[in-house]
Ligand code: KIV
């Protein structure tokens, strides 16, 4: 049965961890869904992971919509969350019309949006108009220049602004909050002080769930390799070896064989 935002929200009260991964295409989403991943996020990370961009800034609503359609078709059980790209929610009205493209037209079950106090009105407008929202605070890749990522929330003022954002997001009615690259102790404090679940990335083990970029856990290497990633496979080498084997066979004239021909 397909998970709903309420199912994800209520996992926290039951003490069940939430599993989330990014997904950008149909075959990968089908495999992740079958493996029991709760939430598939069509992250704007697709710009860096799939398209070779330096940042997420070039990703458009049409890009996310295109990939969301593929993931939504594959998700039998997982909740599908589409990212609101850079500059797609400058006003509450723009946020809503772009969110509708991702939810109503492309099949996402919810949107994720970066920021807290600074985008209060946008989030309020989305929730009031029936769009389920996942908040995202801590490091906000859309606000980072280049690849200068650093842990956010080590100083008291930063920690307080994260706490304030988290409480605001909760009061606005988001059904989960992504906490990116914040100290584990702060993530634990946020998790204890808000009722909605927290989903961490580089935020320690105390959050109510975890999210990673799928290419990172599969070992398809990129130029950025955050230390909070755990690799569960080495697909880069598997793919390379398969391609080398194919090239060898074609060059040697051993592919296709009789059996592989009509
Ligand atoms: O863009 C993205 O992939 C994300 C998740 C990793 C949280 O924001």
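Exactly one residue out of 37, 59 is without any contact (Cβ under 8 Å) to a residue 40 or more places away in the chain and under 16 Å from the mean Cα position of the chain (by Cα): that is 59. For region 154-175, a tally of residues being part of a loop (DSSP other than H, G, I, E, B) and within 16 Å of the ligand (Cβ to nearest atom) returns 2.
The criterion of at least 3 residues that are surrounded by 18 or more Cβ atoms within 10 Å (Cβ to Cβ) and within 16 Å of the ligand (Cβ to nearest atom) is met by the following helices (runs of 4 or more DSSP H) wholly inside region 56-129: 61-74. Taken together, 95, 108, 74 contain a single residue that is in contact (Cβ under 8 Å) with a residue 60 or more places away in the chain and touching a helix residue (DSSP H, G or I) at 6+ places or on another chain (Cβ under 9 Å), which is 108.
If the condition is being in contact (Cβ under 8 Å) with a residue 24 or more places away in the chain, closer than 14 Å to residue 213 by Cβ and surrounded by fewer than 22 Cβ atoms within 10 Å (Cβ to Cβ), then region 46-55 contributes 49, 50. Quick one: which residue in 3, 51, 21, 32 is assigned to a loop (DSSP other than H, G, I, E, B) and more than 22 Å from residue 98 (Cβ to Cβ)? Of 3, 51, 21, 32, the one residue that is assigned to a loop (DSSP other than H, G, I, E, B) and more than 22 Å from residue 98 (Cβ to Cβ) is 3.
Residues that are in the same structural domain as residue 109 (by TED's automatic domain parsing) and within 16 Å of the ligand (Cβ to nearest atom) number at least 1 in the following helices (runs of 4 or more DSSP H) confined to region 176-261: 184-193, 214-218. Restricted to region 35-47, and to residues there that are in a loop (DSSP other than H, G, I, E, B) and within 16 Å of the ligand (Cβ to nearest atom), the residue that is farthest from residue 102 (Cα to Cα) is 37. Scanning region 130-153 for residues that are assigned to a strand (DSSP E or B) and either closer than 22 Å to residue 58 by Cβ or more than 16 Å from the ligand (Cβ to nearest atom) (or both) gives a single hit, 136.
The values are calculated or read from the model by the stated rules, or taken from the named source; none is laboratory data. This is a predicted model, so every value here is computed, not measured. Neighbour counts run over all protein chains shown; Cβ positions are idealised from the backbone, glycine included.
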